[in-house]
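Written below as structure tokens is the structure these notes are about.
The values are calculated or read from the model by the stated rules, or taken from the named source; none is laboratory data. Just so it is clear, the model here is predicted, and its values are computed rather than measured. Here the Cβ positions follow ideal geometry from the backbone for every residue, glycine too, while neighbour counts run over all protein chains shown.
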């Protein structure tokens, strides 16, 4: 990688709860989103009237129920995958890829990005990328930082690897419904109701933060998606950015905004990956009223254990290599 243009902002120490130990020490010039909502080429919103549908932290044991529901209306979403979860649940990952969902990277172990060295962060992204490539046959080019934790150093690393960073402007805080958590289903439902009520005065479209992390986050997603579909054109982030080529491989295409099937505007084109001849383009969204999501309760396991189905030996080797490499890096 050519890192000559990567900013040299220092690694940010984090607490066990997933928060910066000293937020006041974070330089404003570093454009740290979690502390200042500063964006720099990050995607945060879709065009007016469009809802960018995203789910983080999959695939998990609860993902199948969500994918079943999405299948009922041929609704596609952007799925930000954790690499260790991909290895643990390969059948679900392959299912989502085959269904034509937009698959993107959410690191290997869900650590705050700015708490990692350059080498650690690149490894987190690349091992996840390799797992998705091995199982699905394509290389993602979209990334969402865990907890929304990103600054210009992390952005520079992403740009050097060819990635576009995606944040959000509407946060359901559904991850707080974890067992023993402080948020209820009624509160998540109320957030959706508030956004829907405000839709007539929208100045932009939106990108949401939801999770396929727990049984109740999936239940909340299923309960509220029909309401969203009745209010906005609902589609993956790649579609709302009119990016037909969200993967490195240019022979694989996904539907753009006009062709995306949604609950409101069912186009005639499928978003199942298909072959095309030409290259595509991407664009960036404008800033929205963003809030950061962060808590240790939101993290997932970082092991490389393989379960769920028999996978190729190369995937098994990848899981072991990632566990060893990332474990050694964390000790440095």
> Consider residue 18 against the criteria (1) at pLDDT 95 or above; (2) at positive phi; (3) outside any strand (DSSP E or B): it satisfies all of them except one. Which criterion is unmet?
Replying inline: (1)
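From the list 132, 154, 167, which one is within 13 Å of the chain's Cα centre (by Cα) and on the phi < 0 side of the Ramachandran plot? First the steps, then the outcome.
On the way: 132 fails: within 13 Å of the chain's Cα centre (by Cα); 154 fails: within 13 Å of the chain's Cα centre (by Cα).
Testing whether each residue is within 13 Å of the chain's Cα centre (by Cα) and on the phi < 0 side of the Ramachandran plot leaves just 167.
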> In region 178-203, how many are over 15 Å from residue 51 (Cα atoms), part of a helix (DSSP H, G or I) and over 24 Å from the mean Cα position of the chain (by Cα)?
Replying inline: 1
> If a residue has to be crowded, with 16+ Cβ neighbours inside 10 Å and at pLDDT below 95 to count, how many in region 34-53 make the cut?
Replying inline: 3
>> Checking residue 150 against (1) closer than 21 Å to residue 2 by Cβ; (2) assigned to a helix (DSSP H, G or I); (3) touching a strand residue (DSSP E or B) at 6+ places or on another chain (Cβ under 8 Å): exactly one of these is not met. Which one?
In response: (2)
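So which residues in region 153-169 are part of a loop (DSSP other than H, G, I, E, B) and either in contact with a strand residue (DSSP E or B) (Cβ under 8 Å, 6 or more places away or on another chain) or at pLDDT below 95 (or both), if there are any at all? So that I can check it myself, show each step before the final result.
Our first condition is that a residue be part of a loop (DSSP other than H, G, I, E, B); within region 153-169, this holds for 161-163, 167-169.
Of everything in region 153-169, those that are part of a loop (DSSP other than H, G, I, E, B) and either in contact with a strand residue (DSSP E or B) (Cβ under 8 Å, 6 or more places away or on another chain) or at pLDDT below 95 (or both) turn out to be 163, 167, 168, 169.
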> Is there a residue in region 100-122 that is more than 27 Å from residue 3 (Cβ to Cβ), at pLDDT 95 or above, in a helix (DSSP H, G or I) and out of contact with any helix residue (DSSP H, G or I) (no Cβ under 7 Å at 6 or more places or on another chain)?
Replying inline: no
> What is the number of the single condition among (1) in a loop (DSSP other than H, G, I, E, B); (2) more than 30 Å from residue 231 (Cα to Cα) that residue 86 does not meet?
Replying inline: (1)
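Being farther than 16 Å from residue 138 by Cα and either in a loop (DSSP other than H, G, I, E, B) or free of Cβ contacts under 8 Å to residues at least 40 places away in the same chain (or both): is that true of residue 71 here?
On the way: farther than 16 Å from residue 138 by Cα: yes; either in a loop (DSSP other than H, G, I, E, B) or free of Cβ contacts under 8 Å to residues at least 40 places away in the same chain (or both): yes.
Taking the combined requirement at face value, the residue satisfies it.
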> Has region 253-276 got any residue that is within 17 Å of residue 142 (Cα to Cα), part of a helix (DSSP H, G or I) and at pLDDT 65 or above?
Replying inline: no
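Quick one: which of 13, 20 is surrounded by fewer than 20 Cβ atoms within 10 Å (Cβ to Cβ) and closer than 25 Å to residue 158 by Cβ?
Working: 20 fails: surrounded by fewer than 20 Cβ atoms within 10 Å (Cβ to Cβ).
One residue alone meets the criteria, 13.
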> Has region 18-35 got any residue that is within 18 Å of residue 214 (Cβ to Cβ) and over 17 Å from the mean Cα position of the chain (by Cα)?
Replying inline: yes
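Pull up region 23-33, narrow it to residues that are assigned to a helix (DSSP H, G or I) and surrounded by fewer than 16 Cβ atoms within 10 Å (Cβ to Cβ), then point me to the one that is modelled with the highest pLDDT. Break it down into steps so the answer makes sense when it comes.
Going residue by residue through region 23-33, those that are assigned to a helix (DSSP H, G or I) are 23-25, 28-30, 33.
Going one step further and asking which of them are surrounded by fewer than 16 Cβ atoms within 10 Å (Cβ to Cβ), we end up with 23-25, 28-29.
Details: 23: 78, 24: 71, 25: 78, 28: 86, 29: 90.
Taking the candidates together, the pick is 29.
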